[in-house]
Amino acid sequence: MTLDQHDDDTSEDVDNWIKIYKDYLQFRIIPANNNEARVLRMKASRFTIIDGELFKKSSTGLLQRCLKRHEAGMVLRDAHEGECENHTNGRNLSLKILCLGYYWTTLRQDALDYAKKCDACQRHAPVIHQPFEHLHMSIPSWPFMMGNGHYGKNAINTRIVGVHVGHE
Ligand SMILES: [Zn+2]
C-alpha cells in the first residue's frame, strides 16, 4: 500500500495512514520502497505529534487533529446536522470541518458523500424551476395575416359566413 492509496482506501485498515506518519515522526520508520519513503518524508513535514495524537499543520497555521474513521463519522454528522442543523453542502461541510480543526485523508469525498446521502437534504433541497435546456424561440404562425399586416379579404368573408350560418 502506498501513501497515495490511503486517500481512496475504504478497507478496515483505513486508519493505517495515521500509524505510518506516527511511526515516521516518532521512530523514523520508513517504507522499504524508496519512492514511498521519499513521499512520506515530504508529506510528514506537514504533520506533528502532540500528546501522542497526530496533527496536521494547515497552510494558515491551524493544527488539525487527525481523526480515525469512527471519529470522522461523528464529526461529519455533528458538523452537518449538529447544533445549528444548517445542513451545509458537501464542499462547505469539508471546509467547516477543517476550520473546526479536524483532518482525515478522505475528508473531502466523505463530506460530499454525506451531504448527498442526507435524507433531510434530499427532502428539503430547493426546487429548481429553470428548464433543463435553453428556451427555444417559436415563430407564431398567423394563417390569415397577409404580408402587409392586414387580414386578407377571404379570411373576413369566411368569418362572416360562419356567423351567418350559425344563426339560421
Ligand atoms: Zn442534510
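A short reminder: the numbers here are calculations on the coordinates, not readings from a lab. None of the values given here were measured: they were computed from a predicted structure. Heads up, the Cβs are rebuilt from the backbone with ideal geometry, glycines too, and the neighbour counts pull from every protein chain shown.
If the segment from L63 to V14 were pulled out straight at 0.36 nm per residue, it would be longer than the present Cα-Cα gap by 15.5 nm. Among 17-25, 36-44, the peptide with the highest mean count of other Cβ atoms within 10 Å heads the list, and the full ranking is 17-25, 36-44.
With the simple spin-label model, which puts each label point 7 Å out from Cα in the Cβ direction, the E81 to L112 separation comes to 2.2 nm.
Computed from point charges on the beta carbon alone (+1 for Lys and Arg, -1 for Asp and Glu), the dipole magnitude for the range 48-116 about its Cα centre is near 320 Debye. Spherically averaged projected area of the convex hull of Cα atoms, the range 16-74: 4.6 nm². Note on the range 4-123: Rg/Rh from C-alpha atoms, Kirkwood Rh, equals 1.01. Ignoring lysines fewer than eight residues from K68 along the same chain, the ones with Cα atoms less than 27 angstrom from its Cα are K19, K22, K43, K56, K57, K96, K116, K117.
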